[in-house]
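*Asks:* Following this message is one structure expressed as structure tokens.
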Amino acid sequence: MTGFDKKVVHLTHEANEPVRFDLEVDFLGDGSWKPYRFFDVDPGGYAHHEFPDGFSAHWVRVKVDKDCVATAHFMYN
């Protein structure tokens with residue numbers, strides 16, 4: 001994520017029940033993961049999040065709370 005001004009994540013899943021997406025970030029790139037934010041996405045639903053201006057991290061990862069086909073699509077500009 002470092003070096004991009006505008007960052008957005010789009011979240012979807014194919015489960016028949018709500019799915020919680022947990023985003024975690026590693027600001028330093030040294031494996032020190034920190035919770036960032038979570039999103040509850042309805043069945044067949046969609047959520048997106050625009051990261052704040054100036055937000056930067058070396059790595060981001062996404063976890064879900066149940067087995068499902070899920071997509072997290074990041075766009076950086």
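*Asks:* Criterion first (hydrophobic (A, V, I, L, M, F, W, C) and at pLDDT below 95) does Phe38 satisfy it?
*Replies:* no
*Asks:* Now for a different question. Anything in region 18-59 that is acidic (Asp, Glu) and either touching a His at 6+ places or on another chain (Cβ under 9 Å) or surrounded by 11 or more Cβ atoms within 10 Å (Cβ to Cβ) (or both)? List them, or say none.
*Replies:* Asp22, Glu24, Asp26, Asp30, Asp40, Asp42, Glu50
*Asks:* Kindly indicate whether Val69 is loosely packed, with under 11 Cβ neighbours inside 10 Å and β-branched (Val, Ile, Thr).
*Replies:* Considered against the rule, which asks whether it is loosely packed, with under 11 Cβ neighbours inside 10 Å and β-branched (Val, Ile, Thr), Val69 comes out as yes.
*Asks:* Output the number of residues of region 30-41 satisfying the condition of being free of Cβ contacts under 8 Å to residues at least 24 places away in the same chain, in a loop (DSSP other than H, G, I, E, B) and not acidic (Asp, Glu).
*Replies:* Going through region 30-41 one residue at a time, the tally reaches 2.
*Asks:* On to the next question. Could you list, in sequence order, the residues of region 10-32 that are within 18 Å of Asp65 (Cα to Cα), out of contact with any Lys or Arg (no Cβ under 7 Å at 6 or more places or on another chain) and not polar (S, T, N, Q)?
*Replies:* Scanning region 10-32 gives His10, Leu11, His13, Glu14, Glu17, Pro18, Arg20, Phe21.
*Asks:* Given the structure, is Thr2 buried (at least 16 other Cβ atoms within 10 Å of the Cβ) and of a type in the set (S, T, N, Q)?
*Replies:* In short, no.
Results for (1) of a type outside the set (Asp, Glu); (2) under 9 Å from the mean Cα position of the chain (by Cα); (3) part of a loop (DSSP other than H, G, I, E, B), shown as yes or no for each residue.
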| residue | (1), (2), (3) |
| --- | --- |
| Gly3 | yes, no, yes |
| Val8 | yes, yes, no |
| Thr12 | yes, no, no |
| Leu28 | yes, no, yes |
| Pro43 | yes, no, yes |
| Phe55 | yes, no, yes |
| Val60 | yes, yes, no |
| Cys68 | yes, no, yes |
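The values are calculated or read from the model by the stated rules, or taken from the named source; none is laboratory data. All figures in this text were calculated on a predicted structure; none of them were measured in a lab. For neighbour counting, all protein chains shown are included, and Cβ atoms are generated from backbone atoms with ideal geometry for every residue, glycine included.
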